[in-house]
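Working notes for the structure below.
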Amino acid sequence: MLFASLMFAMMGVFAKLLSASMPSLEVVFFRNVFGVAIVAATFLKRPMKHEGGKPWLLFFRGLMGFLALLAFFYNIAHIPLGDAMTYSKTSPIFTAFFAWVFLREKLGLWGWIALFVGFTGIVMIAKPSGLMLDKTAWLGIFSGAGAALAYTAVKELKRYYDTRAIVLSFMGIGTIGPLLLMAISPWVNIPELDMIFGCFVMPTGVMWLHVLLLGLFATLAQIYMTRAYGATKAGIVGAVSYSNILFSIALGLLVGDPFPDVWTWIGIACIVAAGLAVVYGDKK
């Protein structure tokens, strides 16, 4: 998970660079299309062997992962990389909650404390005007909750499917979905839904290198993250994934992001503390 976190941060850097020239929807497409090719190529060397039998859960994992990623990439384009990554890293907290709801894993006192502290951290980072959160804050919350639903599904799917099949369900939907949405975008004019729609922009020059590196880092991150979540309790792996925040802040500074202010650091601390509370509760 530590290696996956670094790969996710590198992916975020190239997503941010590409977002300056193309819509977030297209960045999501390129983030997945190379991954589909790479994962599919491994079938030639080692065919998949699994029990199967959960196609709708597999589809649900892919769909929720795609929507969460779309919200995440939109935020990468509009707010500092470290902030966008911190929002997405609320997913381990939500994962513990959804595992309690759907998989009947014990949440306990520390889990509920984690939820409270985690949402406090979100407020610190979002800095709402009055009682209203802005668009990126809501999308940030969804990127965490949506990813949590996907991760919870992974935990169950590991019993039935090859890891590559689980990864491919996400990347496949993440490739086809953007193509369909970009195809209908010329006939849709809803500014409030600019995170969902966008017209295709043909990459040129160095953009192709950025696209290639985006796909490479994303695929490595996805594979190792999936293995990690399938290996042990979701809350424990999620806590390790918080290293992603520091990687993202450091790399974000290199591409022009401002240094986080004190409230953002407090919010990050709250979210990390919430993740540790989940881990402590699991151990208890």
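The values are calculated or read from the model by the stated rules, or taken from the named source; none is laboratory data. In this text, all values refer to a predicted model and were calculated from it rather than measured experimentally. No Cβ is skipped: glycine too gets one built from the backbone with ideal geometry, and neighbour counts run over all protein chains shown.
Observations
- Which numbered condition R164 fails, given (1) more than 20 Å from R227 (Cα to Cα); (2) part of a helix (DSSP H, G or I); (3) in contact with a helix residue (DSSP H, G or I) (Cβ under 6 Å, 6 or more places away or on another chain): (1)
- Residue selected from the stretch 1-52 under the condition aliphatic (A, V, I, L, M), closer than 28 Å to P186 by Cα and assigned to a loop (DSSP other than H, G, I, E, B), by the criterion modelled with the highest pLDDT: M22
- Within the stretch 246-272, the set of residues being under 14 Å from M124 (Cα atoms) and hydrophobic (A, V, I, L, M, F, W, C) comprises V262, W263, W265, I266, I268, A269, C270, I271, V272.
- The sole residue among A68, A77 that is under 17 Å from F197 (Cβ atoms), of a type in the set (G, A, S) and at pLDDT 90 or above is A77.
- Odd one out for G144, checked against (1) buried (at least 20 other Cβ atoms within 10 Å of the Cβ); (2) within 14 Å of the chain's Cα centre (by Cα); (3) farther than 30 Å from L253 by Cα: (3)
- Within the stretch 98-130, the set of residues being surrounded by fewer than 17 Cβ atoms within 10 Å (Cβ to Cβ), in a loop (DSSP other than H, G, I, E, B) and of a type outside the set (D, E, K, R) comprises L103, P128, G130.
- Taking the stretch 251-269 as the range and being touching a Gly at 6+ places or on another chain (Cβ under 9 Å), surrounded by fewer than 22 Cβ atoms within 10 Å (Cβ to Cβ), in a helix (DSSP H, G or I) and touching a residue at least 12 places away in the same chain (Cβ under 8 Å) as the test, the residues that pass are L251, T264, I266, A269.
- First in the stretch 68-97 and touching a residue at least 60 places away in the same chain (Cβ under 8 Å), second anywhere and of a type in the set (S, T, Y) and not in a helix (DSSP H, G or I), Cβ under 9 Å, 6 or more apart: T86/Y242; K89/S241; K89/Y242; S91/S241; P92/S241; P92/Y242
- Residue that is surrounded by the most Cβ atoms within 10 Å (Cβ to Cβ) [pool: residues in the stretch 31-74 that are over 16 Å from I223 (Cβ atoms) and charged (D, E, K, R)]: K54
- In the stretch 181-204, the residues that are part of a helix (DSSP H, G or I) form Cβ pairs under 9 Å with partners that are of a type in the set (K, R), at six or more places apart or across chains, as follows: E192/K135.
- Selection status of S241, among the hydroxyl-bearing types (S, T, Y), modelled with pLDDT of 85 or more and closer than 25 Å to I122 by Cα: no
- Of all residues in the stretch 82-136, those satisfying the criterion of being of a type in the set (F, W, Y) and within 20 Å of L67 (Cβ to Cβ) are Y87, F94, F97, F98, F102.
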